[in-house]
Amino acid sequence: MSVEKKSMSFNLNQLVRENVKSMTPYSSARDDYVSDGSEKIFLDANENPNENGVNRYPDPQQRSLKATLATIKGVQQDCILLGNGSDEVLDLLFRAFCEPSKDNVITVPPTYGMYSVLASLNNIENRKVLLTPSFALNVKAVLDAIDANTKIILLCSPNNPTGNCIPKDQIKELLDHFHGLVVIDEAYIDFSTEESWLGELSNYKNLVITQTLSKAYGMAAIRLGSCFASKEIIQILNKIKPPYNVNELTQIKAKERLQRKNEVAQEVATIIEERKKLEIALKTIPLVQHIYPSEANFLLIVVDDANSRYKQLLDKGIIVRNRSEQPLCQNTLRFTVGTPAENSSLIKALKELI
Ligand SMILES: *Cc1c(COP(=O)(O)O)cnc(C)c1O
């Protein structure tokens with residue numbers, strides 16, 4: 001890394017795209033008037049006045065849901081942005097900070113496929129710095145890949161599909177030396193023994209964390225993703241988000257689920273137990289050549305011939321993820337941990353394969 005890069009410091013104003021800086025955000029009826037909860041006559045948003053539970057526009061700032069989330073996560077409400085899944089949140093990050101056909105992001109494959117899809121969609125160069133064959137982060141290579149137009153480094157910990165976490169000191173090195181945003185996708189954090197990065201938010205102005213209700217919280221269908229960052233970063237994302245990006249049904253369901261966090265913790269504990277059992281059972285199956293350690297709710301395994309094993313399992317009505325086309329993932333399958341009965345069926349099916 002050049003001396004010049006080291007001497008630069010984090011400057012959010014320089015990271016934001018010019019058009020985002022200068023634009024005026026859409027101001028919705030529900031932004032103009034914030035309800036204080038008292039009885040009012042709402043004639044401002046051209047809604048159908050007949051109450052049916054969803055005839056009114058939802059709160060564009062999802063205040064009630066954010067208040068619940070803020071308490072559970074121990075972060076300030078103005079450090080949270082919610083989106084239609086973390087996929088939308090990640091897209092907003094690209095659109096706020098990356099200038100098409102000029103800027104670049106760094107990703108570290110094999111990792112979550114959406115990062116490169118979002119880079120392509122937004123016409124942003126994706127500088128891919130492969131993990132090592134044992135799926136460790138090559139910090140030096142990442143630092144070397146940074147140039148003046150690098151806006152975001154996208155990390156996923158625990159990583160999908162490899163299942164491992166990136167060590168804290170490595171991420172700290174990136175946070176310290178890179179003056180763009182370091183995004184840590186914590187979709188699987190609830191399954192991990194590693195701590196979330198949420199506790200470090202106030203220590204790093206360039207840290208962005210994303211989480212989701214799609215995995216541990218069991219709500220993939222309602223589409224709720226969250227982004228945690230400094231309130232300055234959140235303000236910028238708020239400015240460009242679609243006004244009603246989180247619908248009312250989702251806000252209600254998410255809040256209910258967050259309030260039953262003991263139930264979620266119980267389900268997570270069971271899934272982790274099942275992951276351990278599945279790992280032990282898989283070790284006894286000859287076609288399984290390697291099982292990578294996992295801090296998530298899936299196992300990445302190496303088999304003798306992933307393409308044919310994938311098809312054979314499909315014929316038995318079991319759908320797994322074939323990750324063989326991913327770099328460093330030759331002949332791998334990814335098994336999501338299911339119910340005890342589903343996992344038994346998987347093991348039984350694998351034993352029957354020849
Ligand atoms: C599943 C997954 C998500 C979830 O995305 P949503 O849009 O919130 O459902 C995010 N990141 C990773 C790495 C995932 O595997």
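Please give the calculated 222 nm ellipticity per residue for the chain, where each DSSP H segment of at least 4 residues contributes -39500 (n - 2.57) and the sum is spread over every residue; nearest 500 deg cm²/dmol?
Details: 14 runs with 134 residues, N = 354.
The helix-only estimate for the chain comes to -11000 deg cm²/dmol at 222 nm.
Helix 168-177 and the longest principal axis of the Cα set of the chain meet at an angle near 50°.
For the range 288-296, 3J(HN,Hα) computed residue by residue from phi via the Karplus equation (6.51, -1.76, 1.60; θ = phi - 60°) reads 7, 9, 7, 10, 6, x, 10, 10, 10 Hz, glycine and proline entered as x. Principal axis extents of the C-alpha atoms in the chain (largest first, rounded to whole Å): 68, 59, 32.
Would you please put 178-188, 61-71, 133-143 in order of how densely packed they are, using the mean number of other Cβ atoms within 10 angstrom per residue and starting with the highest? Each step should come with its number before you reach the end.
Details: 178-188: 23.6, 61-71: 18.3, 133-143: 15.5.
Sorting 178-188, 61-71, 133-143 by mean packing, highest first, produces 178-188, 61-71, 133-143.
Calculated over the range 38-121, the projected area of the Cα convex hull averaged across directions stands at 9.3 nm².
Cα-Cα over 25 Å: which of Lys253/Lys276; Lys168/Lys241; Lys283/Lys311; Lys73/Lys277; Lys40/Lys241? The answer is Lys253/Lys276; Lys168/Lys241; Lys73/Lys277; Lys40/Lys241.
Please determine, in degrees from 0 to 90 and to the nearest 10, the orientation of helix 261-282 with respect to the longest principal axis defined by the Cα atoms of the chain, where the helix direction is its Cα long axis. It works out to around 20 degrees. Bridges between two residues of the range 3-259, per DSSP, are antiparallel at a rate of about 30%. For the range 262-353, the mean projected area of the C-alpha convex hull, equal to one quarter of the hull surface, is 5.8 nm².
Relative to the longest principal axis of the Cα atoms of the chain, helix 306-315 runs at roughly 80 degrees.
With only alpha-carbon pairs counted, each pair once and no self-pairs, how large is the Kirkwood hydrodynamic radius of the range 199-354 in angstroms?
On the way: mean 1/r = 0.0546 Å⁻¹.
The Cα-based Kirkwood calculation yields 18.3 Å.
Taking a sphere under 15 Å around the Cβ of Ser226 and counting the other residues whose Cβ falls inside, with K and R at +1 and D and E at -1, yields a net charge of +4. When the Cα atoms of the range 1-91 are aligned to their principal axes, the ranges along those axes come out at 64, 34, 25 Å in descending order. Note on the range 292-324 and the range 212-267: Cα centroid distance 30 Å, given to the nearest whole angstrom.
Listed here are the pairs Lys151/Lys215; Lys151/Lys239; Lys151/Lys255; Lys21/Lys172; Lys66/Lys239; which of them are more than 24 Å apart at the Cα?
Details: Lys151/Lys215 28 Å; Lys151/Lys239 19 Å; Lys151/Lys255 33 Å; Lys21/Lys172 29 Å; Lys66/Lys239 17 Å.
Violating the 24 Å limit, Cα to Cα: Lys151/Lys215; Lys151/Lys255; Lys21/Lys172.
Could you order the peptides 193-200, 205-212 from most to least packed, using the average number of other C-beta atoms within 10 Å per residue? Don't skip to the end; give the middle numbers.
Details: 193-200: 15.2, 205-212: 23.4.
In decreasing order of mean packing, 193-200, 205-212 become 205-212, 193-200.
Ordering Lys316, Lys215, Lys253, Lys311 by the number of other Cβ atoms within 10 Å of each residue's own Cβ, fewest first, gives Lys311, Lys316, Lys253, Lys215. Each residue of the range 39-47 was assigned a 3J(HN,Hα) from its phi angle through the Karplus curve 6.51 cos²θ - 1.76 cosθ + 1.60 (θ = phi - 60°); the sequence is 4, 9, 9, 9, 10, 10, 10, 6, 7 Hz, with glycine and proline shown as x.
Bear in mind these aren't lab numbers, they're just calculated from the coordinates by the rules spelled out. In this text, all values refer to a predicted model and were calculated from it rather than measured experimentally. Methodologically, a virtual Cβ is constructed for each residue, glycine included, from the backbone with ideal geometry; neighbour enumeration extends over all protein chains shown.
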